[in-house]
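Q: Mind having a look at this structure? Questions to follow.
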Amino acid sequence: MAPSTPPGSDAARPRFRGTGAGASGCRGGASLHIAPRHAGSGGETVPGRNTLRYLAYGSNLWPARLKARIGPFTVAGNARLPDHALSFAKRGADGSGKCTLQACPGAVAWAAVYELPVAARATLDRIEGVGRGYSVRWLDLPGYGRCFVYLGEPGWLDPGLAPFDWYHALVLAGARHHGFPPAYVSRIGTTVAIRDAERARAADHYALLARSA
């Protein structure tokens, strides 16, 4: 599947507000900040449908993982995010590194845009840990409109963290599945991962990789 971006997206920019760096190739620990929009203020749902658009850039890139969490959804396309980078610096509940996006001038991150039922949002908020390391931000994404995204909160970022092997494998498989640029996929592949000592947990997640995307 080749990378797909909205027409004119090379020039267009999502309406981000960045506050520094901290991702791969950048220094500092400031998390990316996207202009907040409170749910219920209007304009979040996809016109004519009771759905929301969700920007995924980490382990939810692997479709089988997201489906196991929330059920059916559709893929709207891929999004190129200039001046931002993928980082595994968000501290997870298991102590390992999880993904977040951080401001990084000159870098480019890639994400998938999913369309999912409004009712699935509460489930995903709970699983992702909103209020416990992640916060929800809304953004205007050229070609897609309003999308929500989960970002690591500043107090939960540690650039010294590494992801568990199975988590890293999900992110890498998802990036390949969506046809992200080879150089971007290669950079993800060079990330150092650590072995999860809880092998039953690891086996459960590796089993997701065996499922058809």
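Q: Would you confirm whether any residue within the stretch 70-90 is of a type outside the set (Phe, Trp, Tyr) and assigned to a helix (DSSP H, G or I)?
A: Filtering the stretch 70-90 down to residues of a type outside the set (Phe, Trp, Tyr) leaves 70-72, 74-87, 89-90.
Narrowing the set further to residues that are assigned to a helix (DSSP H, G or I) leaves 70.
Among the residues of the stretch 70-90, at least one is of a type outside the set (Phe, Trp, Tyr) and assigned to a helix (DSSP H, G or I), which makes the answer yes.
Q: Right, here's the next one. With respect to the numbered conditions (1) among the aromatic types (Phe, Trp, Tyr); (2) touching a Phe, Trp or Tyr at 6+ places or on another chain (Cβ under 8 Å); (3) over 22 Å from GLY189 (Cβ atoms), which one is the sole condition not fulfilled by TRP166?
A: (3)
Q: Tally the residues that are surrounded by fewer than 18 Cβ atoms within 10 Å (Cβ to Cβ) and either of a type in the set (A, V, I, L, M, F, W, C) or within 18 Å of VAL46 (Cα to Cα) (or both), restricting the search to the stretch 78-113.
A: 2
Q: Of everything in the stretch 114-148, what is part of a loop (DSSP other than H, G, I, E, B) and either in contact (Cβ under 8 Å) with a residue 12 or more places away in the chain or buried (at least 17 other Cβ atoms within 10 Å of the Cβ) (or both)? Give them in sequence order.
A: VAL118, GLY129, ARG132, GLY133, PRO142, GLY143, TYR144
Q: For the subset of the stretch 175-197 comprising residues that are without any contact (Cβ under 8 Å) to a residue 12 or more places away in the chain and not in a helix (DSSP H, G or I), which member is farthest from ALA85 (Cα to Cα)?
A: The selected residue is ALA197.
Q: Filter the stretch 47-72 down to the residues that are over 17 Å from HIS205 (Cα atoms) and surrounded by 18 or more Cβ atoms within 10 Å (Cβ to Cβ), then identify the one that is farthest from the chain's Cα centre (by Cα).
A: Among them, the one singled out is THR51.
Okay, residues lined up against (1) assigned to a helix (DSSP H, G or I); (2) at negative phi; (3) among the charged types (D, E, K, R); (4) in contact with a strand residue (DSSP E or B) (Cβ under 7 Å, 6 or more places away or on another chain):
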{"site": "ALA93", "(1), (2), (3), (4)": "no, yes, no, no"}
{"site": "LEU101", "(1), (2), (3), (4)": "no, yes, no, yes"}
{"site": "LEU170", "(1), (2), (3), (4)": "yes, yes, no, no"}
{"site": "ALA173", "(1), (2), (3), (4)": "yes, yes, no, no"}
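Every read-out reported here was derived from the displayed coordinates using simple, explicitly stated rules and does not represent laboratory data. Quick caveat: nothing in here was measured; it's all calculated off a predicted structure. Glycine gets a Cβ as well: all are built from the backbone with ideal geometry, and neighbour counts include every protein chain shown.
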